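Since the structure comes first, as structure tokens, the remarks are kept for the end.
Please treat every number below as a calculation from the coordinates, not as lab data. Quantities reported herein were computed from a predicted structural model and do not represent experimental measurements. Because the Cβ atoms are built from the backbone with ideal geometry, glycine has one as well, and the counts that use them run over all protein chains shown.
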């Protein structure tokens, strides 16, 4: 490598290292919010079965049987057996479950539903920016800062590109371990030696290398028998192969890195983590299927957030949400199709946890939406408004007029989610 190329990579890596302290909170004790977005449509009844509903077993058919014993919550509801860490959070009073929730969207398009979930609007494409970016603007305004400068943005996305939920007028940043992956090992070693006498550079570089190594290892597909098994699955082999594709194994590492950002004394207050692959059209009950693996990764991710946040966990709320749910009945390939009502999770040390929040609509045929979906009874935007009001102390006027236009925190939710 010649000197010019080396210096070019050095400058790029130095910029990457600064992303490890990408934002400045107004005060170290300020509350933190993480939005963990599950793209693809999580089957809420698979993640949180309503075992006590008299129609559950018949309505779910083959999906009423679990690979293990569901973990009990309250009122006859339970967590999927893979969610052991989340069950521990529930028992510790640090996880609440919201069931039969949805945005106002009902037409089952991933693209449109994700747009509404990320913008917080009443309809797809009604708004051009994301609700978390508007939240950053409200926080900056409340702290007396413009929030539109680039020096110390309040929010970070753990992704190669900034997702829609974080796009807008407020300055935000993003971080991806891929920034380091293109550099040869000897280049990184020389940079480490060069930065050795400068802790302000050496420490972030070491942390970045560690995170990059972890994520690179996590993203490597592990050898298994899926490929040979797929060939014998007949006419539905393609759909089943998709359900058995490698999951987003980097999710726990992303969560750990997000926690390090938020835990820093001058770290951001808001973070977005994306997880893909929650579409489950086929073979979703197979223990080796993508949905089962994704649930396990989600479980690990929340555990990493708690562990890496340390004392900041007590001031943190994690909202886990997806764009829509799935059909109640399984389809012909043992999966579920696009639906409506689903679950959301609210976790963190600042949460009034160990609670199930639902206006349960029932699973009998006459109780389903369009005869096929779990009927939504709670607008997820109202829950979000209450979270932002109670946890981040954003005023009702700012919420209604700017952050979530037309949505007012409901008095019914006041004090129910935040300790």
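Quick notes on this structure:
- Sorted ascending by nearby beta carbons within 10 Å, beginning with the fewest, 324, 56 become 56, 324.
- Contour excess over end-to-end distance, with Cα ends at residue 414 and residue 266 and 0.36 nm allotted per residue: 50.3 nm
- Extending 7 Å from the Cα toward the beta-carbon at both residue 401 and residue 58 defines two label points whose distance is 5.3 nm.
- Nearest-0.05 FRET efficiency for residue 110 and residue 393, computed from C-beta distance (R0 45 Å): 0.85
- A simple packing score, the average count of other Cβ atoms within 10 Å per residue, orders the peptides 357-368, 299-310 as 299-310, 357-368, with the highest score first.
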